[in-house]
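Accompanying notes for the structure given below.
The values are calculated or read from the model by the stated rules, or taken from the named source; none is laboratory data. No experiment lies behind these values; they were computed from the predicted model shown. Every residue, glycine as well, gets a Cβ built from its backbone with ideal geometry; the counts of neighbours run over all protein chains shown. Accessible surface is based on the protein model in full, side chains and every heavy atom, while ligands, DNA and RNA are left aside. Shrake-Rupley method; radii C 1.70, N 1.55, O 1.52, S 1.80 Å.
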Amino acid sequence: QVQLVESGGGLVQPGGSLRLSCAASTSIVRLYDRGWYRQAPGNQRELVARITSSGSTNYADSVKGRFTISRDNAKNTLYLQMNSLKPEDTAVYYCQAGRGTKDYWGQGTQVTVSS
């Protein structure tokens with residue numbers, strides 16, 4: 001069983017930055033693809049960014065050029081650097097780890113972008 005714990009959310013003004021972290025309970029996640037998703041009130045959960053076990057990345061069009069996903073396998077930790085934040089980025093952000101039929105999710109961390 002893999003446990004994922006997100007941190008780093010909070011309240012930030014438009015144009016500001018935050019860095020989210022997602023710590024995993026086991027090093028097996030170094031073999032997993034990992035991702036960040038978000039869900040705003042009334043909306044479906046959507047992909048923000050993903051990074052494969054080999055380091056390939058992809059991003060939602062809405063965050064390209066502003067967000068950067070990275071992973072530190074030595075620390076079993078996934079990161080999401082978020083710059084130039086906009087009010088529409090407000091959501092609960094979830095980290096995910098998966099391989100084959102295995103799929104694990106964190107509890108989420110709230111990000112609020114408001115002046």
(request) May I ask you to list the lysines whose Cα is less than 19 Å away from that of Lys64, ignoring any residue fewer than eight positions away on the same chain? (result) Lys86
(request) Count neighbours as other Cβ atoms within 10 Å of each site's Cβ, and list the trypsin sites (Lys or Arg not before Pro) in the range 24-68 that are DSSP loop with at most 14 such neighbours. (result) Lys64
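Got a number for carbon plus sulfur as a percent of the range 2-115's accessible area, 1.4 Å probe? Show your work: numbers first, answer last.
Values: 2600 of 5880 Å².
Using a 1.4 Å probe with all protein chains present, the range 2-115 comes out at 44 percent carbon and sulfur.
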(message) What is the distance in Å between the Cα centroid of the range 1-50 and that of the range 56-78?
(response) 9 Å
(message) Going Cα to Cα from Lys75, which lysines come in below 23 Å? Please leave out same-chain ones fewer than 8 positions away.
(response) Lys102
(request) Would you mind checking the range 69-95 for residues with the amide N under 16 Å from a putative spin-label position 7 Å along Cα→C-beta of Asp103? (result) 94-95
(request) Would you mind working out the accessible area per residue for the chain, using a 1.4 Å probe, and quoting it in Å²? (result) 53 Å²
(request) May I ask you to evaluate 6.51 cos²θ - 1.76 cosθ + 1.60, the Karplus curve with θ = phi - 60°, for each residue of the range 32-38 and list the ³J(HN,Hα) values in order in whole Hz, giving x for glycine and proline? (result) 9, 6, 9, x, 10, 10, 9
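Work out, in µm²/s and without decimals, the Stokes-Einstein translational diffusion coefficient of the chain at 4 °C, 1.567 mPa s, Rh from Kirkwood over C-alpha pairs.
Working: Rh = 14.0 Å.
The diffusion coefficient I find is 93 µm²/s.
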(message) I need the phi-derived Karplus couplings for the range 107-113: 6.51 cos²θ - 1.76 cosθ + 1.60, θ = phi - 60°, integer Hz, Gly and Pro marked x.
(response) 7, x, 9, 7, 10, 10, 10
(request) Work out the charge dipole of the range 10-115 with +1 on the Cβ of Lys and Arg and -1 on the Cβ of Asp and Glu about the Cα centre, then indicate which of Gln107, Tyr79, Gly15 is farthest towards its positive end. (result) Tyr79
